[in-house]
Structure formats: structure tokens, C-alpha cells
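Quick note: the coordinates plus some simple rules give every number you see, no bench work behind them. The shown structure was predicted, so the numbers you read here are calculated from the model rather than taken from an experiment. A quick note on method: Cβ atoms are made from the backbone with ideal geometry, for glycine too, and the neighbour counts reach across all protein chains shown.
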Amino acid sequence: MLRVLAALCLLSLPAHAVEESVVLGLSKDRVAITATFDGSDILVFGAIKREAPIPEGDPLEVIVTVSGPSEPVMVRRKERKFGIWVNTDSVLVDSAPSFYAVATSAPFDKVITNTEDLRHRISINRAIRSVGADMHIQGAQDFAEAVVRIREKSRLYSIRENTVAVDEQTLFRTSIAMPADLTEGDYSTRIFLTRGGQVVSSFETTIGVHKVGLERILFNMSRQQPIVYGLMSLAIAIAAGWGASTAFRMLRNS
Amino acid sequence: MQIYLPIAEVSVNAFLLLGLGGMVGVLSGMFGVGGGFLMTPLLFFIGIPPAVAVATEANQIVASSFSGVLAHFRRKTVDLKMGGVLLIGGLTGAALGVVVFNYLKSLGQVDLLVKLCYVVFLGVIGGLMFIESLNAIRKARKAGGSPPPKRRQRGWVHALPFKARFRTSGLYISVIPPLVVGLFVGVLSAIMGVGGGFIMVPAMIYILGMPTKVVVGTSLFQIIFVTGFTTMLHATTNYTVDVVLAVLLLVGGVIGAQIGTVIGARMKAEQLRILLALLVLVVCGKLASDLLLQPAELFTLGTSGGH
């Protein structure tokens, strides 16, 4: 349905409005979180389709962003109270992606201007929205920065400059590494083509990240039928414990 | 081999979990303790969210106590009546504990509460055990034999009303003290993710005056139901019981416990106790330093459960 709409939109545009457009390929368009899931590398590659010859002037640059589902995040700050460190102030950051990676074909400030970044929300700091911060809390900005810092440390947020390879201003490819601790959901993948810091074309698609198999069954069950899940956990645990000890005893006696 | 835990939503090395389970199992076999009070902090250290660690540990304790209580039933060393009274207190306490747990979770203070509980209890118990076993070793060296046991005190516990006869324990005491002990241990079980044997056993011996031979079986009996109830409460209100994590810890734990029992039988009781005391104090010290020293990262992220 969406694709049909997108196609209609493209058709309705005058032919010269988009001189260069992206033809995209993904090494996979879904990531399955299985029991042994240990992160995933997604190869994003594509070509630039154009009706006219390659324009003169600034070279073509490519930006690839992959963004996990956005959710509100409660950020808490510790302070020393009675000799121990206690959570005191908290700020609700309205929306922050659970995962965010930006790959560019050149240093970030070379590929895009500040205004264009602001418009398309490309850099990590722009991807986070925090409007409802209480004014009475000192350094509310620190809280949003803490989200970026903590998630960068756990490799959930990253900016990888010069990691998109562009050949002949026509072919591009990059690899996005996703860590093991992923949240489920649709990961929106955006590709921007820029010349002289201005976005000339963009393309968007999604990568689905979902638990599968046993992981899926257990997770759904724990949410939808918590009582059954609780009883089952107890039963499985008792059976496993009792089984293991019986097996061990038999092993020793034989 | 990395394994993705479906509820904790983190990826952990399966052998690390089996190893942790095994290590705590060895200790619990050696010292005859449940090991929940060591396992839960260890799970914090390897990065399992505290709420998941506490709930899952409760689940694991049910299972690891189960085979123990069967053995005690065969030996008829379970005081069912006393267990029942403790249980009434325990279930009430567990329900109360989960309410407190969820309230503090909404305030963002649950980590602090859990860690504070651990520091206080591990510190007190570890300290007492350390002093007591040091004295025992010194006495054993001096006299070469143990002094005759002191007669049990018959104080305020026996002056309370609602007396009942507990035949297996050979006691005729009020039901209030066991109810209170059960309640207290129930609260701790819900907040700390422990069975509470390390508090229950001394309380049964010193406060209730129960004979030592029925203490372990009865406390295991009570612990199974209280932790089972706690597991259900956490599973239905917080969705934090991770069955994959529980099973991995359990399999390691059961095997470790068998090895531990063999090692424990070859060591002297005082030496065992002093080792256990040191271990408890080390874990306590690590947790305390987390609270006392300035953390490297002052900010923490959480989901927007609260206001």
C-alpha cells in the first residue's frame, strides 16, 4: 500500500524535480532476534539513478541513518545525600530512538549544513527531542546529553564518518553494525544524497527487528498471559532443578 | 556462546551464567545456604537489570529448594504446622514487599532500596558470623572441646498470647512471633530476591527456640511457597521473570551444589563459617562502595514508568 502511494507520489512529480534518486539494496530487510542473537551487520548498498549526466561542481555525498523505534526516556541524576549517592532529579526526554547510527561518506560537517541537519534531523543530538524538560531543574540540557553519552558508550548510538564508500558518484555501500541489545520494532533507514551540504534527494525504508521462535513465544506469553507464564516458569524451573539433581545422583551412584 | 535473554533483553554468555550458577551452587552446597543473597548481587554486576534479577532469582530459589525439601520430607524433619504459620506471615509479607517494590520502582529508587537492603543485611550477618566463628576457633584452640550448650532463654516470646502446640518441634508457644518472622522474611524475599533462609534459620533457632534438626526443612518448606508466590507477583505485575535465565542458573547451580556438598563435608565447621562470613563481607563491601563512592556516570536511563 505504502509503496503504491510512494510510486504515485513519484509519478505525480515533474520529471526534473528529482534529478538524482536512490535505488537501494539491503543485505537483509529484517533482523531476527533468536536465542543466540549476537548483534547483526546490515549491508546497505545502492546506486544513484539519474536521467541527466553527472552535474558539475560539488561531489555527491551520501548519508545513511538507521534509527530504532523512538520512546520517551526517564533520565535520573544522582546526588550525594546522607553520604550515599541517590537518584534525585529526573527529566522525561520526550522521544529518543533506542538505536541510532549515522554513516557518512565524508566528515559530517562537510556533507551537510547545519540548517539541512536541523530540517532532516540527521545528527544524533537532533534525533532526540526534549521539549517538556522542567525549567526548575538545573542543567536540563545535561539530561538529554546524558542519553546520548550513555547510549554512545553502549554502542547504541554512533556516528561513523567516512564509512560510506561512493564509487564514480553512482554506487555507494556501507555496513551498519547493530549490537546484541536491540529493542524490537521497525528501524527506519534513511539515505540522503547531498551536494555542497544541501540535500538533493532522500529515500526511506524500514528494517524490521523482531524476536522469533522461542524468544517470541516467551516474550508474548509473559505479557499476554502473565499468570500462565509465571506458573510455567515455576514448573520448568522445578522440573529442571529436580531433573538435574536426580541425574547427578544417579550418575554418582552408578 | 552468547544467549539472548527474552525478558531481560540483554545478550549474555551462556557459559558465564552456567559458571555463576555453578559457583554459587558450590558455595550453597558447602555452607548449606540458598545462595540467593550472593546470586542476585552477582547478577547486578554482570548487567542484568535489578528488577529482572530479583524476580528471576525468586523463581530459581523455588526450584533449588524443591529437591531439598523432598529430602527433608523423607526424613520427617518438616514441621508442617509451624511452616504453615510462617507461611501465612510470609505470603502477607511478600505481597507487601511487592507493593513497596513497585512503588519505589515508579519513583526510580528501587535500585537504591535493593542495594541498601543488601548492604545492611550482608554487613550485619557477615559481621556477626565472622565474630562468632572467630570466637569459636579461639575457644576450640584454648579448651580443646566445646563448652556445654547454654539453656535456651524463656523470655518475652513465651509470655505472648495465642499459644499453640507445635508437635514436631516440641514447642508450645504463641503464634505471633512466627507470624512476625514470616512477615519480615516475606518482605525481604520480595524486595531482595532471596529465600531469606539466612535470616529465617537464626530467627527460628534463637527467637522461636526450635530444635535445629527441623529448622532447615521447615524453612525450606516455607521458602518454596513464599518465593513461588513472589515469582507469580513479579510475573504478573512487572513482567520481569526470565525463565531462560532461571533455567541456566539452576542447571549450573544444581551441579555446583553437589560438588559443594562433597567439599563441605571435608572441612571444619568453623573454617567454613569464617570463609562464608568473609565472602558475604566482600559482596557487601562491593555494593557499599557503589553507593558511597561517586559513580563515574551520574545519570541513569529508565523507561517512563513513573510520572
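Under 25 °C and 0.890 mPa s, how fast does the protein assembly as shown diffuse according to Stokes-Einstein, given a Kirkwood radius computed over C-alpha pairs? Answer in µm²/s, whole number. It comes out at roughly 91 µm²/s.
Taking GluC sites (Glu not before Pro) across segment A:146-217, the ones in a DSSP loop with at most 14 further Cβ atoms lying within 10 angstrom of their Cβ are A:Glu168. Percent of Cα-Cα pairs more than 34 Å apart in chain B, please. Of all Cα-Cα distances in chain B, 22 percent exceed 34 Å. Entry note, chain B: the mean residue ellipticity at 222 nm calculated from DSSP H runs of n ≥ 4, each adding -39500 (n - 2.57), is -24500 deg cm²/dmol after division by the residues and rounding to the nearest 500. For chain B, the longest principal axis of the C-alpha atoms and the axis of helix B:110-143 are separated by about 40°. Enumerate the residues in segment B:255-279 having an amide nitrogen under 20 Å from the point lying 7 Å beyond the Cα of B:Lys139 toward its Cβ. Only B:268-278 fall inside the zone, counting backbone N under 20 Å. Between the helical axis of B:269-292 and the longest alpha-carbon principal axis of chain B there is an angle of about 40 degrees. The ranking of A:Thr189, A:Thr170 by Cβ neighbour count inside 10 Å, starting from the fewest, reads A:Thr170, A:Thr189. With θ taken as phi - 60° and the Karplus curve 6.51 cos²θ - 1.76 cosθ + 1.60 applied, the whole-hertz 3J(HN,Hα) list for segment B:58-74 is 4, 4, 5, 5, 3, 5, 6, 7, 4, 5, x, 5, 4, 4, 5, 4, 4 Hz, x standing for glycine and proline. Approximating the spin labels as points 7 Å out from Cα along Cα→Cβ, the B:Leu298-to-B:Met267 distance works out to 4.3 nm.
The simple spin-label model puts a point 7 Å past each Cα toward its Cβ; for A:Val23 and A:Ile217 those points are separated by 4.3 nm. Within chain B, what's the longest stretch lacking trypsin sites (Lys or Arg not before Pro) that sit in DSSP loops with no more than 15 other Cβ atoms inside 10 Å? Looking at chain B, B:168-265 is the longest stretch - no exposed trypsin sites (Lys or Arg not before Pro) with at most 15 other Cβ atoms within 10 Å. Shielding by partners for peptide A:178-184, expressed as the average number of C-beta atoms from other protein chains within 10 Å of each residue's C-beta, is 3. The alpha carbon convex hull volume per residue for segment A:212-254 rounds to 58 Å³. Entry for chain A at q = 0.09, 0.14, 0.17 Å⁻¹: log10 I(q)/I(0) = -0.57, -1.06, -1.31, Debye formula applied to identical alpha-carbon scatterers, no solvent contribution.
Checking the cross-link filter: which lysines have an alpha carbon closer than 18 Å to that of B:Lys115, excluding same-chain neighbours under 8 positions apart? Within reach: A:Lys78, A:Lys81, B:Lys105, B:Lys286. Full extension of the segment from A:Glu168 to A:Lys49, taken as 0.36 nm per residue of separation minus the current Cα-Cα distance, would add 41.6 nm.
Derived scalar couplings between HN and Hα for segment B:257-267 equal 4, 5, 5, x, 4, 5, 4, x, 5, 8, 10 Hz in order, rounded to whole Hz, by the Karplus curve 6.51 cos²θ - 1.76 cosθ + 1.60 (θ = phi - 60°), x for Gly and Pro.
For chain B, a crude dipole built from +1 on the beta carbon of Lys and Arg and -1 on the beta carbon of Asp and Glu, taken about the Cα centre, is about 1920 debye to the nearest 20.
Close amide-amide hydrogen proximity is noted between A:Ile33 and A:His210, A:Lys211, A:Val212, each under 5 Å apart and 5 or more residues distant or on a separate chain (H modeled in the peptide plane; Pro and chain starts excluded). Taking the square roots of five times each eigenvalue of the Cα gyration tensor of segment A:19-150, the equivalent ellipsoid has semi-axes of 38, 21, 11 Å, listed largest first. Axis of helix A:140-153 versus longest Cα principal axis of chain A: the two differ by about 80°, to the nearest ten degrees.
Listed by chain and number, the lysines whose C-alpha is less than 17 Å from the C-alpha of B:Lys76, apart from same-chain residues fewer than 8 away, are B:Lys213.
Counting only residues at least eight positions apart within a chain, or on another chain, the lysines with an alpha carbon under 18 Å from that of B:Lys163 are B:Lys81.
Annotation: amide H of A:Met178 within the under-5 Å range of A:Ser40, A:Asp41, A:Ile42, sequence separation 5 or more or interchain, hydrogens built in the peptide plane.
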